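Scroll down for the structure; my scribbles are underneath it.
The values are calculated or read from the model by the stated rules, or taken from the named source; none is laboratory data. Since we're looking at a predicted model, the values are computed, not measured. In this analysis, Cβ positions are derived from the backbone assuming ideal geometry, glycine residues included, and neighbour counts consider all displayed protein chains.
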Amino acid sequence: MKDTVYVPPIKIQGIKTKLVPLIKQSVAMNKNSVWIEPFMGSGVVGFNVEPHYAIFADTNPHIIEFYNQIKKGNITPYIVREFLECEGKLLEKGNDEYYYTVRTRFNQEHNPLDFLFLNRACFNGMIRFNKNYDFNVPYGHKPKRFAKAYVTKIVNQVAHVSDLLHKYEWKFVCQSFEETISMAGENDFIYCDPPYIGRHVDYYDSWDEQAEITLHKALVDSNARFMLSTWNHNDYRQNDYIAMVWNDCQKITQEHFYHIGAKEKNRNSVVEALLTNYTVNGKQNELLLNNK
Ligand SMILES: C[S@@+](CC[C@H](N)C(=O)[O-])C[C@H]1O[C@@H](n2cnc3c(N)ncnc32)[C@H](O)[C@@H]1O
C-alpha cells in the first residue's frame, strides 16, 4: 500500500518526508497520548501521523509564529494566494533586487507571510539565520518562481494544514527541547529529530555532544515512549554517537537520500536510523537490530 505523504508549506534542510511512512508504522501511542515533537522543523512528521493531541515545538520562532497565525485564522489559503500572487509579480519584475528587499523587510518586521515567501523563493528551501538572527539564505534564481501552479501548490499545502489545525488539538510553542520534553506524561509519545552534530548551519540550530547527552537523559527521565531520528552511516563513516549515547535503544535503519547541496556530487547517500526505547511491532521487526 502506498502511503500518501502530505508535504507542509514551510521547507527545511533535513526534512524527513521520505521517512514518514516508516515512522508512522513504528510509533507506539494510543488515542489519548499526546504527540510531542520538540524539534518540529517543517512539521512533516507529526502532520502526517495526525495525532489527536500534539505539542509541536522548536527554538525557531518564525516556524512557530507561522503555524500560530494559521491557527488564529490570520493566515488563510485565500490570504496566502493573494500575497504570493502579488509578491510573485513584483519578484518577476525586480528579480534578485526584489528578493533582497523582502529579505531586509522580513529581518526588520518578521512578517510570517514574508517568511513563507523567502522560504519558497530562496536557495534550496533552506532555513538559515546568522548570528544576529537575520535570515541570510540567498535567492534561488528560479525563473517565474511564483507561477500559478506553484502558488496553487503552496495554497493547497496551507489549506491542508489549516484543516488539520481545526480538526485536532495541537499547540505550537517556541521553546528548547528540555522544556518541551518536561511536558510529557508517561502515556505520551515523543518524536525527536535534533540537528546532526557538526552539520549545523543555522544559529537557531547549534548542536554538540553535550546537547546529545542532555537530550538522551531528558528522554529517559520522561518515562514516555520515544523515537529519535538520526543518521546511521554514510559512504565514509558511521555515527559513533549511537553506540556512545544511545546504546540502551533499539534501532531501525532505512536508506534515504539527502536533497541538500546544489550539486549532485554534494548529495551523499545517508542511511538514517530510528532509535526507540520500545520494541517496534509488526512488519518492520526484521529491520530491528540491537546495537548493544
Ligand atoms: C533537523 S530539523 C527538524 C526537521 C523536521 N523533523 C522535518 O522533518 O522537517 C531540527 C530542528 O530543531 C530545531 N532546534 C535546534 N536546536 C533546538 C533546541 N535546542 N531545542 C528545540 N529545537 C531546536 C531547529 O530550529 C530545527 O528546526
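Before we move on, is Ala211 within 8 Å of the ligand (Cβ to nearest atom) and of a type outside the set (Ser, Thr, Tyr)?
yes
For Trp35, only one of the following conditions fails: (1) at positive phi; (2) buried (at least 22 other Cβ atoms within 10 Å of the Cβ). What is its number? Here Trp35 clears every test but (1).
All told, Asn156 falls short of being touching a residue at least 24 places away in the same chain (Cβ under 8 Å), assigned to a loop (DSSP other than H, G, I, E, B), within 25 Å of Pro51 (Cα to Cα) and polar (S, T, N, Q).
Pairing each residue of the range 9-27 that is free of Cβ contacts under 8 Å to residues at least 24 places away in the same chain with any residue that is among the basic types (Lys, Arg), provided the two are 6+ apart or on different chains, yields C-beta distances under 9 Å for Pro21/Lys2.
Given the conditions (1) in a loop (DSSP other than H, G, I, E, B); (2) away from the ligand (no atom under 15 Å from the Cβ); (3) of a type in the set (Ser, Thr, Tyr), and given that Tyr204 satisfies all but one, which numbered condition is not satisfied? Unmet condition: (2). Residues that are part of a helix (DSSP H, G or I), away from the ligand (no atom under 16 Å from the Cβ) and at pLDDT below 95 are absent from the range 220-230 altogether.
Cys86 passes every criterion in (1) farther than 11 Å from Tyr139 by Cα; (2) in contact (Cβ under 8 Å) with a residue 40 or more places away in the chain apart from (2).
Assess whether Asn48 counts as being modelled with pLDDT of 95 or more, surrounded by fewer than 20 Cβ atoms within 10 Å (Cβ to Cβ) and in contact with a Pro (Cβ under 9 Å, 6 or more places away or on another chain).
no
Looking at the range 92-111, is at least one residue surrounded by fewer than 19 Cβ atoms within 10 Å (Cβ to Cβ), in contact (Cβ under 8 Å) with a residue 60 or more places away in the chain, assigned to a helix (DSSP H, G or I) and not β-branched (Val, Ile, Thr)? Taking every residue of the range 92-111 in turn, none turns out to be surrounded by fewer than 19 Cβ atoms within 10 Å (Cβ to Cβ), in contact (Cβ under 8 Å) with a residue 60 or more places away in the chain, assigned to a helix (DSSP H, G or I) and not β-branched (Val, Ile, Thr).
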